[in-house]
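This report concerns only the one structure given below.
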Amino acid sequence: MTGATGRAGWHVARILRDGGHRVRAAVRDGAATGPWDETVAFSFTDPDTWDAAFTGVDRMFLMRPPQIGNVKRDMLPALDRARQLGVRRVVLLSLQAPSATRRSRTTT
């Protein structure tokens, strides 16, 4: 899973582990502690990190990094490789800072 060290990802990892699932956290530097079984270094823009992150994985929680503006160029190649290595289901969370996007309400 990507985004494991963030607020939403941390809770997703914990819920998955509590449900008996193995969780691999794909993080920038490969080192992080949390409610997961293992960590692996990963970057969407570094193909050398993709195989270690995706091998043996059939489902993935994917959080879109806020610094990636060109999804087609910077994310899709990694996701294509994930599919080649056996990932069949992806849950995507792409909204960043939802509390900052509140709609204004009017009262009558």
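Any read-out appearing in this document is the output of simple, stated calculations on the displayed coordinates, not a laboratory observation. Quick caveat, the model's predicted, so the values are computed rather than measured. Note: ideal-geometry Cβ built from the backbone for every residue, glycine included; neighbour counts use all protein chains shown.
Computed over the chain with a Gaussian network model linking Cα atoms closer than 10 Å, the most mobile of GLY56, GLY30, GLY20 is GLY20.
Determine the gain in length on full extension of the stretch LYS72-ASP18; use 0.36 nm per residue of separation and subtract their C-alpha separation, reporting nm with one decimal. Each step should come with its number before you reach the end.
On the way: separation 54, 0.36 × 54 = 19.44 nm, distance 3.41 nm.
Fully extending the segment from LYS72 to ASP18 adds 16.0 nm.
Across the alpha-carbon atoms of the chain, the computed radius of gyration and Dmax are 15.3, 57 angstrom. Within the listed set VAL71, VAL40, VAL87, the residue fluctuating most in the Gaussian network model of the chain (springs between alpha-carbon atoms under 10 angstrom) is VAL71. Going by neighbour counts of Cβ atoms within 10 Å, the residues SER43, SER94 line up, fewest first, as SER94, SER43. Between ARG28, ARG73, ARG64, the residue with the greatest mean-square fluctuation in the GNM of the chain (Cα pairs under 10 Å linked by springs) is ARG73.
Between the Cα long axis of helix 7-18 and the first principal axis of the chain there is an angle of about 60°, rounded to the nearest 10.
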